[in-house]
Amino acid sequence: MKSMFERSFLVILALVAVGVPKFSAARMEGCPQCKTDKTEITQLIKQADRLHAEFKPREGAAELQKVLQVEPRNVEALAKLSRAHIDIGDSIPESDADWKERRIREYRQAEIYARQAIKADPDSTWGYFYVAASLGTMAGILPIAKQIEMAEEIRRATEKAIALDPQNGFAYHIYGVWHRRMAEIGQPRRMAVSLWYGRALPTGDLDKSVEFLKKAVSINPNVIVSRLELARSHAAREEWPAARAQLKMVAELPVKYSDDARHKQKALELFEEIKNH
């Protein structure tokens, strides 16, 4: 039985979890220090990317495992294995009795591969990005104390990913959503969290949320979810024309990734909600 405080605090859960955009194969550098058959590895990674584009993450992961059998420290394979396990976890339906446990297992595996990518190449943006992405996907289905702890680590990993590659638009997406969700948690609840769990929640900034999401959109203009999140941040600042403009753009963009149809529907619902503001 949850306490009264915990029941009232459940509304924060969706705010702490960080949305992760779906995206196509990112440019990575493989394993420059490894001396193996690059042609074989290149073909395996291309096959994994093709399967990813076809929404077949398990099959793609199997191809990437073949890469690790040849090059255990291949950064590209490790990072894309993290991506695959996030996708596998996301695909587990909530109607399954053990969906939370199964998703957490996949997200934890994604985190493991992301941290291995960092060890293999501490200067690669993608290891840090996938640490943030895997923790973000886990956050909403873990205990509240763990979510609070994760929020700070998500920020650190995202900042590191951006520092290593200022053109990593997906990292800007995560950071923009993170800032809005942290900013939306009111001071009374922040004080309650601090007293109850003995630690303070990180603070967010709506201005920075818009700034980072604009950067994400400028780098990846056809990623639907980034425009949707930018619209939400504009709406949070009551910048209604700017929010509506982004939602109209979402309606015009083609479906490209597995969750784009859902994001288009969310954008339509938000547009209807704010069209008269």
Could you compute how fast segment 172-277 diffuses translationally, taking Rh as the Kirkwood radius over C-alpha pairs and applying Stokes-Einstein at 25 °C with viscosity 0.890 mPa s? Give it in µm² per second.
170 µm²/s
Over segment 106-148, with the other protein chains present, what is the accessible area per residue in square angstrom, probe 1.4 angstrom?
32 Å²
Loop trypsin sites (Lys or Arg not before Pro), segment 192-277 (other Cβ atoms within 10 Å of the site Cβ: 13 or fewer; DSSP)
Arg199, Lys256, Lys275
Under a Cβ-Cβ cut-off of 13 Å, what is the net charge of the residues other than Val217 that fall near it, where Lys and Arg count +1 and Asp and Glu count -1?
+2
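Roll a 1.4 angstrom probe over the protein heavy atoms and tell me the percent of accessible area of segment 149-275 that is carbon or sulfur. If you can, show how the numbers build up before the last one.
Numbers: 3050 of 6050 Å².
Carbon and sulfur: 50 percent of the exposed surface of segment 149-275.
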Quick check: the distance between the Cα centres of segment 199-268 and segment 60-109, to the nearest angstrom?
26 Å
A correct Stokes-Einstein calculation for segment 72-202, using the alpha-carbon Kirkwood radius, 20 °C and 1.002 mPa s, returns a whole-number D in µm² s⁻¹ of 140 µm²/s
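For segment 211-277, run through the GluC sites (Glu not before Pro) and keep only the ones in DSSP coil with at most 11 other Cβ atoms within 10 Å of their Cβ.
Glu238
Looking at segment 38-69, which GluC sites (Glu not before Pro) are DSSP coil and have at most 14 other C-beta atoms within 10 Å of their C-beta?
Qualifying residues, ordered by number: Glu54.
The values are calculated or read from the model by the stated rules, or taken from the named source; none is laboratory data. Here the structure is a predicted model, which is why all the values come from computation and not from measurement. No Cβ is skipped: glycine too gets one built from the backbone with ideal geometry, and neighbour counts run over all protein chains shown. For the accessible areas, the whole protein counts, side chains as well, though only heavy atoms, and no ligand, DNA or RNA atoms are used. Shrake-Rupley method; radii C 1.70, N 1.55, O 1.52, S 1.80 Å.
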